[in-house]
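Notes to accompany the following structure.
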Amino acid sequence: MLSLVGAPNANACGQPIVLSNWKSCAVGPLSETGGDADWKAVPKWTRSKDLRPWFMDDPRLLANHGLCNAKFHRVVLCAPGWQESDDKEACWYAICNGYQASIRD
């Protein structure tokens, strides 16, 4: 499942997609032990109970496949398979695709 999450009253598609606002969610190395120690690898604000279900409460998934927008406290998962989506207009698709294009340039 791919998802884009934001503040409860802010529509993610309602904001312009500015690729410079999106960065990898990994802010540190993943731990060797996993579990709670992996939360140190992602931004502290991603621990919000409102955001955690959107990446299956798994900081390792977020660190490996997530993009974070610290300005608006949003996350998007660019998990394997997103490239094959039929919905090329979806916000998460535009962010994932745009981010991939920007790191190749």
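The values are calculated or read from the model by the stated rules, or taken from the named source; none is laboratory data. Because the structure is a prediction, the values reported are computed rather than measured. Backbone-built Cβ (ideal geometry, glycine too); neighbour counts: all protein chains shown. For the accessible areas, the whole protein counts, side chains as well, though only heavy atoms, and no ligand, DNA or RNA atoms are used. Shrake-Rupley method; radii C 1.70, N 1.55, O 1.52, S 1.80 Å.
Restricting attention to the stretch 17-62, the residues being among the basic types (Lys, Arg), surrounded by 16 or more Cβ atoms within 10 Å (Cβ to Cβ) and modelled with pLDDT of 95 or more number 1. Checking each residue in the stretch 60-79 for being of a type outside the set (A, V, I, L, M) and in a loop (DSSP other than H, G, I, E, B) picks out Lys71, Phe72, His73, Cys78. Tallying residues that are within 14 Å of Lys23 (Cα to Cα) and open to solvent by 60 Å² or more (accessible area, probe 1.4 Å) within the stretch 71-99 yields 4. Can you name the condition, by its number, that Asp57 falls short on among (1) assigned to a helix (DSSP H, G or I); (2) over 17 Å from Ser102 (Cβ atoms)? Result: Asp57 passes all but (1).
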